[in-house]
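*Asks:* My structure is below; once you've seen it, I'll send some questions.
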Amino acid sequence: MHNILVVDDDPTVAEVVTGYLERAGYTVARAADGPGALEAAGERWPDLVVLDLMLPGMDGLEVCRRLRGRGPVPVIMLTARGDEDDRILGLETGADDYVTKPFSPRELVLRVECVLRRGRSAADAAPGGPVLSCAGITVDPAARRVTKDGAEIGLTLREFDLLLHLMRYRGLAIGRERLMQEVWGWDFGDLSTVTVHVRRLRGKIEDDPARPRLIHTVWGVGYRFDAPAEPERQPVPTLGDAPDAPVDPEGPAPGDGGARPPRPYDRTAAPEPDDRTTSAERPDARKAGGLHGSAPGGQAGPGVGGGDGPRFGGLDAPGLGGGDVADGGAALVDGA
């Protein structure tokens, strides 16, 4: 039988909630303020706390912080105000759920059952779950332990279940409605509960929660857990990639592993022809009538076709045969 601690300064509300929980089969302890709640929890640790947000002296948020400092315990927050900021503040403090006053006692009992059932399911499934690891985050379901780069991270019961669920379905976009059903065990409820828990989880596992790299928001759907992309590596240049690497036109000598000894420099040897020189600079590219082709009047000029050809009357005129013209023929080329 589960032990429930009800903390509310309104005796009417406390009495009604206590009556409904006892009829549902729970053992209930009551407290009217923060110090009384901490004292009651010290005498018998509760399985769940129904905690009013607006308490005299020590408010419900501080009570929740101190209880969580002693050990894990599910908390359902009661609030008389329906402002979203109050609900989010309660969830960010660590509450597993909240109920806005006035509320239906039967609904509260159902929420209590859902939270406890989810806790039991997580405990039962823990021993058979494999250890999950991704991007420096390691989740051990059996030990209910999370580490980041070897350092342990403190998560609440619901934060742990949410992270475990997202990592089990890594790479898949999961809707908030589905998360509400599979993590919280609820078929109804405010979806901002999921949003707030994701925000809290990012603050604990992300390097920069404002720019998450692990838990991504999929607009219009929900959330997706992904490993961050690896930085692009620049290729390391090799000798073959060097732009000015010398190339031996004769190729490597056989049997020498691709290396060829340099040939001795002979000052008396005639220089080898350079392919970058023009045909007019080569000693063997002779033309009848002199270099560049003689034109009537002794003027030399370019010919059409990319070579040197005769000019007539001082105007550029087409050469015959394209290339260096020698008596209407093409210039001699090495190897031709």
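The values are calculated or read from the model by the stated rules, or taken from the named source; none is laboratory data. As the structure is a computational prediction, the values presented were derived from the model and not from experiment. All Cβ positions, even for glycine, are placed from backbone atoms using ideal geometry, and neighbour counts span all protein chains on display. The area values use the complete protein model at the heavy-atom level, side chains included, leaving out ligands, DNA and RNA. Shrake-Rupley method; radii C 1.70, N 1.55, O 1.52, S 1.80 Å.
*Asks:* Looking at (1) surrounded by 15 or more Cβ atoms within 10 Å (Cβ to Cβ); (2) modelled with pLDDT under 90, which is the one condition that is false for T138?
*Replies:* Among (1) surrounded by 15 or more Cβ atoms within 10 Å (Cβ to Cβ); (2) modelled with pLDDT under 90, the lone unmet condition for T138 is (2).
*Asks:* Taking region 32-60 on its own, how many of its residues are farther than 17 Å from R158 by Cβ and surrounded by 13 or more Cβ atoms within 10 Å (Cβ to Cβ)? Step through it out loud before you land on a result.
*Replies:* We begin by selecting, within region 32-60, every residue farther than 17 Å from R158 by Cβ; these are 32-45, 52-60.
Imposing the further condition that a residue be surrounded by 13 or more Cβ atoms within 10 Å (Cβ to Cβ) reduces the set to 32-38, 40-41, 45, 52-55, 58-60.
Residues that pass the stated criteria total 17.
*Asks:* Kindly list, by first and then second residue, each pair from a residue in region 26-39 that is under 16 Å from I4 (Cβ atoms) and without any contact (Cβ under 8 Å) to a residue 40 or more places away in the chain to a residue that is of a type in the set (S, T, Y) and crowded, with 17+ Cβ neighbours inside 10 Å, limited to pairs with Cβ atoms under 7 Å and residues at least 6 apart or on different chains.
*Replies:* V28/T18; R30/T18
*Asks:* Within region 167-183, does at least one residue satisfy the condition of being farther than 22 Å from G220 by Cβ and at pLDDT 85 or above? Show your work before the answer.
*Replies:* Restricting attention to region 167-183, the residues satisfying the condition of being farther than 22 Å from G220 by Cβ are 167-168.
Of the ones still in play, those that are also at pLDDT 85 or above are 167-168.
Yes, because at least one residue in region 167-183 is farther than 22 Å from G220 by Cβ and at pLDDT 85 or above.
*Asks:* Any residue in region 6-23 that's in contact (Cβ under 8 Å) with a residue 24 or more places away in the chain: show its pairings with residues that are crowded, with 19+ Cβ neighbours inside 10 Å and among the hydroxyl-bearing types (S, T, Y) at Cβ separation under 7 Å, as long as the two are six or more apart or on different chains.
*Replies:* Cβ pairs passing all conditions: V6/T18.
*Asks:* Sticking with this one: If I go through region 147-163 residue by residue, how many of them are surrounded by 16 or more Cβ atoms within 10 Å (Cβ to Cβ) and either among the small types (G, A, S) or free of Cβ contacts under 8 Å to residues at least 40 places away in the same chain (or both)?
*Replies:* The total comes to 2.
*Asks:* Could you please find all residues in region 1-18 being more than 45 Å from the chain's Cα centre (by Cα), open to solvent by 20 Å² or more (accessible area, probe 1.4 Å) and not β-branched (V, I, T)?
*Replies:* As a first pass, look at region 1-18 and keep what is more than 45 Å from the chain's Cα centre (by Cα): 9-18.
Checking the rest, the ones that are also open to solvent by 20 Å² or more (accessible area, probe 1.4 Å) come to 9-13, 15-16.
Residues satisfying the conditions are D9, D10, P11, E15.
*Asks:* Here is a follow-up. How do the strands (runs of 3 or more DSSP E) wholly within region 138-233 filter down when requiring 2 or more residues that are charged (D, E, K, R): which remain? Write out each step before concluding.
*Replies:* Values: elements: 145-148, 151-153, 215-218, 222-225.
Fully inside region 138-233 and qualifying: 145-148.
*Asks:* Oh, and also: Starting from residues that are farther than 15 Å from R199 by Cα and in contact with a Lys or Arg (Cβ under 6 Å, 6 or more places away or on another chain), keep the ones in region 79-111 and report whichever is modelled with the lowest pLDDT.
*Replies:* Looking at the filtered set, the residue picked out is A80.
*Asks:* Considering region 155-182 alone, what residues qualify as being of a type in the set (K, R) and more than 19 Å from the chain's Cα centre (by Cα)? Step through it out loud before you land on a result.
*Replies:* Pass one, region 155-182, residues of a type in the set (K, R): 158, 168, 170, 176, 178.
Of everything in region 155-182, those that are of a type in the set (K, R) and more than 19 Å from the chain's Cα centre (by Cα) turn out to be R158, R176, R178.
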